[in-house]
Amino acid sequence: MKRKIIKQGHNTLTLTLPREWIKRLNLRAGEEIDVVENEDSLIVNGHQNTKKNCAVIDITHFSVPLLWRYMQSAYRSGCDEIKIVFDPTKKEYADAFHFYTTQFEYANLGEKVPPKTAKAMIQDVANRFVGIDVVEFGKDYCLIKEVAEVSPKEFDSSLRKIFLVIFELFNVTLDVIEREEIKNAKLCKDIHNTDLNIDRSVDYCARILNRITGIMPERKKSLVFTSLFLLELIGDEFKYIAKHFAQSKKPFGECEKIARLVKEHFELYYKLFYKFDRETALKFGNNDVAVYKEHFKTKDKFHGEAKSVAKHLMMISKFTLSLVELRIQMEF
């Protein structure tokens with residue numbers, strides 16, 4: 001719809017608001033509404049945005065992975081109240097944090113974590129997310145509410161933390177390769193727990209983007225969301241690498257060169273993300289070619305576990321290339 005600008009006085013310009021919009025939101029003269037500047041647009045928010053965004057999740061018959069997906073989705077979307085409904089007759093639930101480290105191929109890396117009650121398990125899940133907590137327990141439900149408001153300032157610090165944790169995982173990986181460390185179950189679990197910091201920050205950044213209007217141009221939001229999820233996938237690749245470290249009977253010296261190239265690849269993306277320039281983009285393109293040349297030159301020389309580690313490093317390289325594509329698109 002179009003509106004004509006009306007001049008009032010010497011320096012004031014006004015616009016009329018659509019009548020149907022005002023009626024639907026029951027707005028009255030004298031009330032305050034939010035007006036957010038976003039590049040060349042103004043976003044007018046009615047007072048309905050102050051209403052609580054609530055969700056109800058029935059986890060009956062849920063697997064642990066499905067529980068996480070529902071909880072993450074509600075949290076990321078900006079819900080400030082989440083009610084978790086569960087089957088009160090079910091006495092035991094798998095530990096949500098250690099589900100993967102005690103299942104499947106991880107089972108031989110350590111002791112089985114004891115099951116928990118529904119309330120204890122849900123409390124652990126809530127503790128994993130920034131700014132929310134369980135505030136009420138019932139016979140067959142737990143109520144989780146926001147206890148700290150999101151802040152646009154927290155977005156930048158949380159995003160920076162994601163990068164720093166990924167660099168930490170690169171350094172740990174290279175250190176293991178250099179020291180020829182193998183069959184270390186504790187290392188595998190430590191890397192798994194370190195990756196949780198990436199997941200935590202990714203979820204919080206997504207929540208801030210969904211809750212706060214005007215934090216960045218709307219045209220860039222989808223690109224940033226996709227970037228966050230790719231960064232999360234990079235963190236997951238280090239967990240898979242750690243599993244191979246813990247299971248291998250041979251060191252991984254042949255993986256050192258490809259690991260360093262992939263780390264350099266990610267460092268160039270990090271520089272581009274915060275300060276985009278053509279010269280760094282050219283370096284990234286050349287490094288991308290170098291990574292692939294090294295991989296195809298040496299892949300047939302690796303032993304079993306080392307070959308798997310190299311494949312995961314190549315996945316990190318591919319995710320990094322996708323991240324750079326998204327960053328380039330932000331320039332247009």
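Side notes on the structure shown:
- Of the residues examined, Thr320 is one that is touching a residue at least 12 places away in the same chain (Cβ under 8 Å) and surrounded by 18 or more Cβ atoms within 10 Å (Cβ to Cβ).
- Picking from residues in the stretch 167-196 that are of a type in the set (S, T, N, Q) and surrounded by 18 or more Cβ atoms within 10 Å (Cβ to Cβ), the one that is farthest from Tyr240 (Cα to Cα) is Thr194.
- Taken together, the criteria exclude Tyr269 from residues that are surrounded by fewer than 18 Cβ atoms within 10 Å (Cβ to Cβ), in contact with a helix residue (DSSP H, G or I) (Cβ under 6 Å, 6 or more places away or on another chain) and among the hydroxyl-bearing types (Ser, Thr, Tyr).
- Strands (runs of 3 or more DSSP E) lying entirely in the stretch 1-80 (those with 3 or more residues that are of a type in the set (A, V, I, L, M) and modelled with pLDDT under 90): 41-45
- Flag for Phe319 being assigned to a helix (DSSP H, G or I) and among the hydrophobic types (A, V, I, L, M, F, W, C): yes
- Counted residues, the stretch 223-236 - those being surrounded by 22 or more Cβ atoms within 10 Å (Cβ to Cβ) and over 11 Å from the mean Cα position of the chain (by Cα): 0
- Matching residues, the stretch 142-181, being in contact with a Lys or Arg (Cβ under 7 Å, 6 or more places away or on another chain) and aromatic (Phe, Trp, Tyr): Phe170
- Within the stretch 257-312, considering residues that are at pLDDT below 95 and among the aromatic types (Phe, Trp, Tyr), the one nearest to the chain's Cα centre (by Cα): Tyr292
- With respect to the conditions (1) at pLDDT below 90; (2) of a type outside the set (Gly, Ala, Ser); (3) outside any helix (DSSP H, G or I), Lys243 falls short on a single one, namely (3).
- Checklist (1) surrounded by fewer than 18 Cβ atoms within 10 Å (Cβ to Cβ); (2) outside any helix (DSSP H, G or I) applied to Lys220, failing item: (2)
- Scanning the stretch 287-303 for residues that are in contact (Cβ under 8 Å) with a residue 40 or more places away in the chain and assigned to a helix (DSSP H, G or I), we see that the one that is nearest to Lys271 (Cα to Cα) is Thr298.
- Test for Phe284: is it in a helix (DSSP H, G or I), touching a His at 6+ places or on another chain (Cβ under 8 Å) and buried (at least 16 other Cβ atoms within 10 Å of the Cβ): yes
- Among the residues listed as Leu196, Leu228, the single one being in contact with a Cys (Cβ under 8 Å, 6 or more places away or on another chain) and within 30 Å of Glu149 (Cα to Cα): Leu228
- Qualifying residue in the stretch 113-136 (condition: closer than 24 Å to Ile241 by Cβ and in contact (Cβ under 8 Å) with a residue 40 or more places away in the chain): yes
The values are calculated or read from the model by the stated rules, or taken from the named source; none is laboratory data. Note that the structure is predicted; figures quoted are calculated from it, not measured. When we count neighbours, we look across all protein chains shown, and the Cβ atoms used for this are built from the backbone with ideal geometry, even at glycine.
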